[in-house]
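Enquirer: Pasting in a structure now, in C-alpha cells, and then I'll have a few things to ask.
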C-alpha cells in the first residue's frame, strides 16, 4: 500500500492589526466636599451638596478659638416705694373752727373776775383739742380766799342770768371753784397755792393765749 502523504497544516493568515491589551476601568472616585472633580461629567452627581451650617450664637465656628462673652447691659431695677414706718407719719392738721360765742363768754367771765379784784387772769385757746376736752376756751383767775372765789362765781351767774344762761357744772371747794358752761367755756378760780399745785398753765403751755 502506498503511504499517505502528509499534507502540511494550513497556516492561519496573520492579520496586520495589532491587538491592544484591554485596560480595566478604574472605579470612580467619590468627590470630596469642597473640591470639584477635574473632569466635568455630563451627568449630575447624585450626592447632595454640603453647605456649611452657620455657627450658633455663643459658639465659635472654628475649633480652638473662643469669642469673648457678649456684654449685656443691665437695666436699673425700679426703685420700690418704701412704706413709711408706723409712728413716723405727721398728723394731719385739723381745721380749727371759729367759736365767737365761746370767746365772748370767756372775755365776760374775765371781766367779772377783774371787777372782783382777781389776779393773774388769763384766757387759753384750746380749740385745737376741743373734741378731746369738750370746751374751746379756758379762763383762769386767782383769789386770796374762799369768799373771793365764791364772789367771782356769783358775779358771773348774775351776768348770765338775764341772758338765760347758767352754769352746767359747778365744783366748789375752799381753794378751788371750777365752773363749766355749755357754750364751750370752763372757768377755774384758784387760791395762789392751789393754782401752783395744779399748774394748768404748764399743761396748756403749747396752747395760744387770748387777751382778756
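Enquirer: Evaluate the following for residue 139: is it within 16 Å of residue 114 (Cβ to Cβ) and in a strand (DSSP E or B)?
Expert: yes
Enquirer: Still on this structure: Go through segment 182-193 residue by residue and tally those that are outside any helix (DSSP H, G or I) and over 18 Å from residue 151 (Cβ atoms). Break it down into steps so the answer makes sense when it comes.
Expert: Going through segment 182-193, the residues outside any helix (DSSP H, G or I) turn out to be 182-191.
Now narrow it down to the ones that are over 18 Å from residue 151 (Cβ atoms): 182-186.
Of the residues in segment 182-193, 5 are outside any helix (DSSP H, G or I) and over 18 Å from residue 151 (Cβ atoms).
Enquirer: From the list 144, 171, 196, exactly one residue is surrounded by fewer than 15 Cβ atoms within 10 Å (Cβ to Cβ), in a loop (DSSP other than H, G, I, E, B) and touching a strand residue (DSSP E or B) at 6+ places or on another chain (Cβ under 9 Å). Which is it? Walk me through it before giving the result.
Expert: Working: 171 fails: in a loop (DSSP other than H, G, I, E, B); 196 fails: in a loop (DSSP other than H, G, I, E, B).
Within the list 144, 171, 196, the selection yields 144.
Enquirer: Shifting gears a bit: Does segment 178-212 hold any residues that are more than 16 Å from residue 135 (Cα to Cα), in contact with a helix residue (DSSP H, G or I) (Cβ under 7 Å, 6 or more places away or on another chain) and at pLDDT below 95, and which are they?
Expert: 212
The values are calculated or read from the model by the stated rules, or taken from the named source; none is laboratory data. Small disclaimer: the values here were computed from a predicted structure and weren't measured. Counting neighbours? That spans all protein chains shown, and the Cβs are built from the backbone with ideal geometry, glycine included.
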